[in-house]
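Worksheet: the structure to be examined is printed underneath.
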Amino acid sequence: MNIDLTYWYLFPAGLVIATLAMSAGISGANFWIPVYLICVKLDPRITFWLALITMIFGFGSGVVRNIYQGTVNWYLVRQYLIPTVPGAVLGALLTSYVNGEVLVFTFGSFILIYGSYMLKSCISSPKAQIRHDKVFRGIGFLAGFMKGLIATGLGKLIVPGMWNHEKVRHPSEVIGSATVIIFIVNVIAALTRMNHEFIGVLTDNTNILSSILVFVFPSVVIGGQIGPRIIKDMNAAHLKLYISVLLICVSLLIFSRLLL
C-alpha cells in the first residue's frame, strides 16, 4: 500500500472538524462532505460513506470523553435509538437507487434550511422555555432516515427536542447524549451501505482511501477529545448561534461545488 502524502492537509483539517462537531453535537459529515467533494474530488457515493466512517472514529473518541466527564443522559440515548436505528437502515438502503448529485443537492438544501431556521430562532425574541417529558419518535425516525441517506441530519433534528427535556440537568448532557446516538447510528448506516456493488467500488479506490484515512483517523480521534471540553461550560444560546452560522457556510460551499 502506497500512501500519497499530498493528503497531509487532512490532518489539521480533521482536528478542526472533529473539534467543531464534538463541541456542537452535530454530524461531522456536515464538514467532511464538502472537503471530500471539493478538495479531494471523490465520487459522491464514496464521499457520503467515507464521511460516515470518518465520523465513527471522531465520535467514538467523543463518546469516550463524554462518558468520562459524565455528560451523557442514558435515558435519552435509549429512547432515541428506538426510532433512529430503523430510519437509518431504510435511508442507507435507498442510497443504491438515488443519483449521487441528487444526494449532494439534498444534503446542501437540508443544512441550508436548517441552519437558516436556527439562525432566525437565535436572533428573534426568545420564547419561554417549557420543560417536558416527551420523546419525539417521529422526528427521530426522520432524523435516522436522513443520516442513512445523506450522512447528516440526525443531531440537527433530535437535539432541539432534547434541550428542555425534564431529565436534562445541563445543556452539555444534550450534546453528550446526541454524540452517543450519532456514533451508534453512524456505524449502522455505514454497514447497511455495504452491498456487493459498493464493496467493488471501494476496492477499486483502495489506495486513495488508505491515503486519506491515514491522516484523517488520528486527527478526528484527537479532535474528539478536545470538542467535549469546549462545550462543557458553553452557554446554550451562544452554542446554537455558533452551529447555525457554521451550517450556512457549509451549505454555500456545497452549492458552489454544484455550480462549478
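Some notes on this structure:
- Hits in the stretch 70-89 - residues which are surrounded by fewer than 16 Cβ atoms within 10 Å (Cβ to Cβ) and among the aliphatic types (A, V, I, L, M): ILE82
- Only residues that are touching a Pro at 6+ places or on another chain (Cβ under 8 Å) and aromatic (Phe, Trp, Tyr) were counted in the stretch 105-163, giving 2.
- Subset tally (residues that are assigned to a loop (DSSP other than H, G, I, E, B), among the polar types (S, T, N, Q) and within 11 Å of the chain's Cα centre (by Cα)) for the stretch 1-59: 1
- Annotation: PRO171 fulfils all but one of (1) crowded, with 18+ Cβ neighbours inside 10 Å; (2) within 17 Å of the chain's Cα centre (by Cα); the unmet one is (2).
- Criterion violated by ILE130 - all others in (1) exposed (fewer than 15 other Cβ atoms within 10 Å of the Cβ); (2) part of a helix (DSSP H, G or I); (3) without any contact (Cβ under 8 Å) to a residue 60 or more places away in the chain satisfied: (2)
We did not get these values from a lab; they are worked out from the coordinates using the rules stated. Nothing here was measured: the structure is a model prediction, and the numbers come from that model. Using ideal geometry, Cβ is built from the backbone for each residue, glycine included, and neighbour counts are taken over all protein chains shown.
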